[in-house]
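The values are calculated or read from the model by the stated rules, or taken from the named source; none is laboratory data. None of the values given here were measured: they were computed from a predicted structure. Cβ atoms come from the backbone with ideal geometry, glycine included; neighbour counts cover every protein chain shown.
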Amino acid sequence: MDYAFISRTGSRAVNEDSCSIKENNGSYCFTVCDGLGGHAKGEVASKCAADTFSDEFEKYDGDIDVFFAKAFDRAAERFRNLADESPVLEMMKTTVVSLVISADSCCWAHIGDSRLYGFKNGKTVLLTDDHSVPEMLVKSGEIKQREIRNHPDRNKLLRAFGVSDETPGYEISKETKLSDFDAFLLCSDGFWELINERKTAKCLRHAQSAGQWLAEMTKQVEHKGKRRETDNYTAIAVITGKGGR
């Protein structure tokens, strides 16, 4: 397993993104979280969620559905404890996208608009749906998927992970064969808004490692972000070594 990560502030004063990577007996958990701007302490929310997924993965026993449910439940408990200590944290929220890779399988969970992409034989597949207003417009046929990046409501979320949620809004995928993919990219919206799927695949084709792949994508993101206000951007690039590129 070859992987690399970045998390940068962009034009913002505070980085409200967080990520975590944890290995347990040959299985891996990769998580990216983006704390919501406009809510209290997004950086606290994202770090708490990312750290919780990492901590809970230390107990991972191979039951993926149980792991994700426990990780979200434990994160919610930690959110409530933080809010009890400081009422300003009652409104904190974050996106979450998390990928678990085992010897022969993979599974993912998400809430919000941080994304997971899968790559196979030079093709890119978006494995998560944004829980956002533009995604709703895509599903209703009013706009195309590619139009989300420049849509005026692209930052309006319909779901995020927070203290006061009465029902879980996250989604868990079905367990999938790892051989269906050569590589994965987890990223916050500050990253995917500035690089399209075609370019991520092109960067992968020319990369010799996850670090090189991520560096080339980051170069594209930073070039596109020149002379404009940019959000925090975080990404984890994973090359599985299965099947080649």
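Which one is farthest from V100 (Cα to Cα), of the residues in the range 149-177 that are out of contact with any Asp or Glu (no Cβ under 7 Å at 6 or more places or on another chain) and hydrophobic (A, V, I, L, M, F, W, C)?
My answer is L158.
Please determine whether any residue of the range 172-194 is more than 16 Å from I6 (Cβ to Cβ), hydrophobic (A, V, I, L, M, F, W, C) and modelled with pLDDT under 95.
No, that holds for no residue.
Among the residues that make up the range 153-176, is at least one of them in contact with a Gly (Cβ under 6 Å, 6 or more places away or on another chain) and surrounded by fewer than 16 Cβ atoms within 10 Å (Cβ to Cβ)? Give the steps one after another, and end with the answer.
Step one: list which residues in the range 153-176 are in contact with a Gly (Cβ under 6 Å, 6 or more places away or on another chain), which gives 157, 159-160.
Next, only the ones that are surrounded by fewer than 16 Cβ atoms within 10 Å (Cβ to Cβ) stay: none.
Checked the range 153-176: no residue is in contact with a Gly (Cβ under 6 Å, 6 or more places away or on another chain) and surrounded by fewer than 16 Cβ atoms within 10 Å (Cβ to Cβ).
Among residues belonging to the range 31-40 that are within 20 Å of the chain's Cα centre (by Cα) and buried (at least 17 other Cβ atoms within 10 Å of the Cβ), point out the one that is nearest to C106 (Cα to Cα).
T31
Can you tell me which residue within the range 192-227, out of those that are in contact (Cβ under 8 Å) with a residue 60 or more places away in the chain and of a type in the set (D, E, K, R), is farthest from T9 (Cα to Cα)?
So, considering only residues that are in contact (Cβ under 8 Å) with a residue 60 or more places away in the chain and of a type in the set (D, E, K, R), the one farthest from T9 (Cα to Cα) is R205.
Can you confirm whether E43 is of a type in the set (D, E), crowded, with 23+ Cβ neighbours inside 10 Å and either under 20 Å from L127 (Cβ atoms) or in contact with a strand residue (DSSP E or B) (Cβ under 7 Å, 6 or more places away or on another chain) (or both)?
Values: of a type in the set (D, E): yes; crowded, with 23+ Cβ neighbours inside 10 Å: no; either under 20 Å from L127 (Cβ atoms) or in contact with a strand residue (DSSP E or B) (Cβ under 7 Å, 6 or more places away or on another chain) (or both): yes.
No; evaluated as a whole, the condition is false for this residue.
Out of the range 38-72, which residues are free of Cβ contacts under 8 Å to residues at least 24 places away in the same chain and farther than 19 Å from L99 by Cβ?
G38
Can you pull out the residues in the range 46-90 that are polar (S, T, N, Q) and crowded, with 24+ Cβ neighbours inside 10 Å? Break it down into steps so the answer makes sense when it comes.
Within the range 46-90, the first condition is being polar (S, T, N, Q), and the residues that meet it are 46, 52, 54, 81, 86.
Matches in the range 46-90: S46, T52.
Only residues that are modelled with pLDDT under 95 and outside any loop (DSSP other than H, G, I, E, B): list them for the range 9-42, please.
G42
Based on what the data block shows, is A109 hydrophobic (A, V, I, L, M, F, W, C), closer than 26 Å to L178 by Cβ, in contact with a Ser or Thr (Cβ under 9 Å, 6 or more places away or on another chain) and surrounded by fewer than 15 Cβ atoms within 10 Å (Cβ to Cβ)?
Numbers: hydrophobic (A, V, I, L, M, F, W, C): yes; closer than 26 Å to L178 by Cβ: yes; in contact with a Ser or Thr (Cβ under 9 Å, 6 or more places away or on another chain): yes; surrounded by fewer than 15 Cβ atoms within 10 Å (Cβ to Cβ): no.
Answer is no for this residue.
Taking the range 109-134, which residues are under 19 Å from A237 (Cα atoms), touching a Gly at 6+ places or on another chain (Cβ under 9 Å), in contact (Cβ under 8 Å) with a residue 60 or more places away in the chain and part of a strand (DSSP E or B)?
Listed by number, the residues that qualify are K120, T124, L126.
Within the range 199-222, is even one residue surrounded by fewer than 16 Cβ atoms within 10 Å (Cβ to Cβ) and within 26 Å of A45 (Cα to Cα)?
Yes, the range 199-222 has at least one match.
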